[in-house]
Amino acid sequence: MGLNLDEKKAVVTEIAAQIATAQSIILAECSGLQVPNLTKLRAQARKSGVYLRVLKNTLVRRAVEGTPFAGLAEHMKGPLIYGISEDPISAAKVLHEFSKGSDKLVLKAGSYAGSTFAKEGVLALASIPGREELLARLLGVMQAPVTGFAVALGALARQREEAAA
């Protein structure tokens, strides 16, 4: 059963609210995706802070009109699932990871920082390390000089102890 006009307006308003704070939107074709798999995908998305929903393309076209995501309108054909996230790479990562194990979910297009790109761009975006991983790398780089200094001091102390003995 279709949505009435008030329900459609409510959906467009909800999507527009998500888009207002979003940094990226990823589109994936989801034809034939079984309900249990869709439930798993939604759980992964929720855990990563991604708004994930199967939506009518016409409603999303209205919501993205006049936004940096307007370029996605040309890719909105067929049964699509939309991943919208405030983090630039979360939606791409969640959908890409899930698509590896499911041939029913096919990445189609995405948009980030006012640029619209095809599947290859989504894969490139998904390959960027996450915030936590980048912070861990930064911490490792920052600790390296301190660790090296401590090792050098320890070696110097051992040399003096051996020389004194």
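Residue-by-condition table, conditions (1) acidic (D, E); (2) in contact with a Pro (Cβ under 9 Å, 6 or more places away or on another chain); (3) closer than 23 Å to V122 by Cβ; (4) at pLDDT 90 or above:
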| site | (1), (2), (3), (4) |
| --- | --- |
| N4 | no, no, no, no |
| T13 | no, no, no, yes |
| S31 | no, yes, yes, no |
| T39 | no, no, yes, yes |
| A43 | no, no, yes, yes |
| R46 | no, no, yes, yes |
| L52 | no, no, yes, yes |
| K56 | no, no, yes, yes |
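Figure legend. Inter-residue proximity from region 110-136: first residues within 11 Å of K93 (Cβ to Cβ) and of a type in the set (V, I, T), second residues in a helix (DSSP H, G or I) and at pLDDT 90 or above, beta-carbon distance below 8 Å, spacing 6+ or different chains. Indicated pairs: V122/A92; V122/L95; V122/H96. What's the number of the only condition in (1) more than 17 Å from the chain's Cα centre (by Cα); (2) surrounded by fewer than 16 Cβ atoms within 10 Å (Cβ to Cβ); (3) of a type outside the set (K, R) that H75 fails to meet? The one condition H75 does not meet is (2).
Counting only helices (runs of 4 or more DSSP H) that sit wholly inside region 74-165, those with at least 1 residues that are within 23 Å of L55 (Cα to Cα) and modelled with pLDDT of 85 or more are 90-100, 119-126. For region 80-133, which residues satisfy the criterion of being closer than 17 Å to S31 by Cα and exposed (fewer than 13 other Cβ atoms within 10 Å of the Cβ)? Scanning region 80-133 gives K100, G101, D103. Just one residue in the set G148, G140, G66, G83 is on the phi > 0 side of the Ramachandran plot and not hydroxyl-bearing (S, T, Y); that residue is G66. Within region 47-70, one or more residues are more than 19 Å from I19 (Cβ to Cβ) and either surrounded by fewer than 18 Cβ atoms within 10 Å (Cβ to Cβ) or in contact (Cβ under 8 Å) with a residue 60 or more places away in the chain (or both).
The values are calculated or read from the model by the stated rules, or taken from the named source; none is laboratory data. Source: prediction; values computed, not measured. Please note: Cβ atoms are built from the backbone with ideal geometry, for glycine as well, and neighbour counts cover all protein chains shown.
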